[in-house]
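Structure first, then comments.
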């Protein structure tokens, strides 16, 4: 019984790591747009969390899409100190497109992480979309 339970826990942990992003260390403090991180989007609904460390105060964020179309459903933004913000994006983006600029409500607080839910829109090939998260200082 213990071996079966351990196997189940190990499997769940391994699957959750497949969609986890490495913590991103932002070192630039200059004004302007800075890339926070990127991920590959699968052909099914997906969820990725970008953990942000360092110079992590941003006024706004946006998403850039490459390689294949993707539908961004929503963003969950968590700040240091526990405040959270939920943003409905609900837009389909083609390769080369950017989302609208999303002004952050608490731009004086440090970002802890940004989680977004999305899925690749069917295309003729087997391409997966690359999604980049950018922040404005």
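The values are calculated or read from the model by the stated rules, or taken from the named source; none is laboratory data. For clarity, every value in this text was computed on a predicted model and none was experimentally measured. Note: ideal-geometry Cβ built from the backbone for every residue, glycine included; neighbour counts use all protein chains shown.
State all residues of the range 105-136 that are under 20 Å from residue 39 (Cβ atoms) and assigned to a loop (DSSP other than H, G, I, E, B); if no residue qualifies, say none.
Scanning the range 105-136 gives 121, 122, 123, 125, 126, 127, 128, 129.
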Completion exercise
Here, strands (runs of 3 or more DSSP E) confined to the range 1-75 with at least 1 residues that are modelled with pLDDT of 90 or more are 33-40, 46-54, 60-66
Handout entry: Test: residue 93 is over 13 Å from the mean Cα position of the chain (by Cα), over 19 Å from residue 51 (Cα atoms), buried (at least 19 other Cβ atoms within 10 Å of the Cβ) and at pLDDT 90 or above
Key = yes
Exercise for the section: Determine which single condition residue 101 fails, assuming it passes every other condition in (1) surrounded by 15 or more Cβ atoms within 10 Å (Cβ to Cβ); (2) in contact (Cβ under 8 Å) with a residue 40 or more places away in the chain; (3) under 15 Å from the mean Cα position of the chain (by Cα). Expected result: (1)
